[in-house]
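Have a look at the structure below before the remarks.
The numbers here are math on the coordinates, done by the rules we state, and not lab data. Computed from a predicted model, the values in this text were never measured in an experiment. Glycine gets a Cβ as well: all are built from the backbone with ideal geometry, and neighbour counts include every protein chain shown.
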Amino acid sequence: MKIGIDIGGSHIATGIVLNNGKLLAKETRDIDVSSIKEVERVETIIVDTIQNEIKTLLNRYDYTINDITRIGIAVPGSPTDTSIRNVVNLHIKEFNLAKELSEIYNINSETVERVDKCIKNQIEIKLANDGKCAGVAEKEYGALKGYDDCLFLCMGTGVGSAVFLGGKLLKAKQNPGFEFGHMIIDKDGTLCNCGKKGCFETYASMKRFKVRAIEELDLPKDVQSEEVQNFIRKNSHKTKVNKFIDKYLENVAIGVSNLINIFEPEAICFGGSFSYYDDVFLEPLAEKLKKYVFNKNTKVTLISAKLKNDAGIIGATEI
Ligand SMILES: [Zn+2]
C-alpha cells in the first residue's frame, strides 16, 4: 500500500493508494499561504498537514505506517526526486521535503524520539512534477491506457505535460522537462509568469481562459469556474461566445499541432479543468488541427482525462 500526495498552490490532497492503483480514500486540505512571507512557516504547514492527513487516513482503516511501502508526492515546478524547487505560489525556492518526511517516517538513530510507533520498514519517499504524475496515472489506469505513443496535457492554472513513446514516460536528466506551457507561440504576445512573452500557457491555460472570459464576455469579476462552464455551455451557439471559444481553440490548436508534429502521438489526453469542457472543445479542436499538422495522414485521438483530480495522487505513487 502506498500514500500519494498532491501539493497544489492552495491545497494538499493526500490519499491511500492500493497496489493496483485504486484510490482507497483521500483527504484534501486548503492551505492559504499567499499572505505568509516566511518560507519556514510555509514549509512547516506543508509537513504538518501531510503528517496529520496520513495519520487520519491510516487511523480510519486501522492501518499503521508499517503497512506503507512508499510515499509519492506530486508537486508543481521543477522538483528533484527529493526537493520542491521554484514554486512561486508557495514562495519556495528549494525545500528538501523527502528528507523532512524521512525523518518522521524512517527510523534512524537521530530521529528515533520523533517516531510514535516502532517502524519496521524503510519507506521510499519520492517527489515528481505534478503534470508527469497525472500523466502516468492516466497512462496506467485512465484514459491513455492502451496507447503506446501518447501525450498528456494538464490544462489548468498552467499547462503541465507528460510524453509517452513506446509505452514509456520520457524523462530528462537535468529538469523534469517537456515544459510545453512555455513553448512560445507568439514572440510579441502576452507576458507570461516566467518573464517571456507569448508562451503557450498564456493563451491555452484554463486560468487565462477564465480571465479572458470575464473580460470579453462581461462576466462578474468574482465568477466561479463552474459558473463560467455553465455560461459557456449554455451560450456556445451565440455569436459572441462562439467567437470567443473559436479564438481560444485556435491558439490551443497552434500549440497542440506543434506537439503532434514533433511526437506523432496516437492519442492526446487533456486534463485540468479543460476536461470539463470536452463536449464543447474537442470536436472543433480536432477540426482546427487538420489545418496545422504537417503529416496529413496523422490520426490523433483527442480524449478527456478520466481520473480528474485523483490523477496526481495516484501517479505520484507510480512514477
Ligand atoms: Zn512562460
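Taking every DSSP beta bridge that has both ends in the chain, the antiparallel portion is near 55%. Calculated on the Cα set of the stretch 2-132, radius of gyration then Dmax: 14.2, 40 Å. Look at the alpha carbon pairs under 8 Å that are at least 6 residues apart: their mean separation over the length of the chain gives a relative contact order of 20 percent.
Tell me what the chain gives for mean residue ellipticity at 222 nm when only DSSP H runs of n ≥ 4 count, each as -39,500 (n - 2.57), the sum divided by the residue total, rounded to 500 deg cm²/dmol. Show your work: numbers first, answer last.
On the way: 9 runs with 115 residues, N = 319.
For the chain, the value works out to -11500 deg cm²/dmol.
Dipole size of the chain about its Cα centre, with +1 on Lys/Arg Cβ and -1 on Asp/Glu Cβ: approximately 820 debye, rounded to the nearest 20. Direction-averaged projected area, Cα convex hull, the chain: 17.6 nm², rounded to one decimal.
Bridge orientation summary for the stretch 145-306: considering DSSP beta bridges with both residues in this region, about 55 percent are antiparallel. How high is the relative contact order of the stretch 2-132? Use alpha-carbon pairs under 8 Å, at least six apart in sequence, and give a whole percent. So the answer I get is 25 percent. Peptide packing for 238-247, 261-270 was compared via the average number of neighbouring C-beta atoms within 10 Å per residue; ordered from the highest value, the list is 261-270, 238-247.
The ratio of the alpha-carbon radius of gyration of the stretch 145-306 to the globular-protein estimate 2.2 N^0.38 Å is 1.03.
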